[in-house]
Amino acid sequence: MSDVLYALLDELARDPEAVERLRALVAPTTTSSSAPAYTVAQLAHETGLSAKAIRGAIVRGELEAVKRGTRWIVSADAVAAWAKADRARDSRARPNGRARRNAGVMARALSK
């Protein structure tokens, strides 16, 4: 670094208000709190559903997941979207007035 830059840093270090202002300027504007992610086994345990049911939802495209090696990874956002879609399916009835037998399974599992 140049001598001018070192002189500027020394000047800043002597002024606490300038240091705080500089910290505020370079601080991240958003907090990086990453949402949790689940493996199929973890999600099955959390919801009380079987791992087979979770994998089935992934294969059918109902639950968004990413394959990493031999494991599927499911984000918390994907689980929330799946539950919301499941609730919507649960609220719709078949033409004969009966609700689908398995509709709302995910929403019920997450509400426990």
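Every number in this text was worked out from the coordinates using simple rules, so none of it is lab data. Because the structure is a prediction, the values reported are computed rather than measured. Glycine also receives a Cβ, built like all others from the backbone with ideal geometry; neighbour counts cover every protein chain displayed.
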Seminar exercise, completed: The simple spin-label model distance between Val26 and Ser2, using points 7 Å out along Cα→Cβ, in nm, is 1.8
Exercise. Taking H as built 1.01 Å from N, whose amide H comes closer than 5 Å to the amide H of Leu63, not counting residues under 5 places away?
Worked result: Ile58
Exercise. Where does each of 44-56, 11-23, 74-86 land if you order them by average Cβ count within 10 Å, highest first?
Worked result: 74-86, 44-56, 11-23
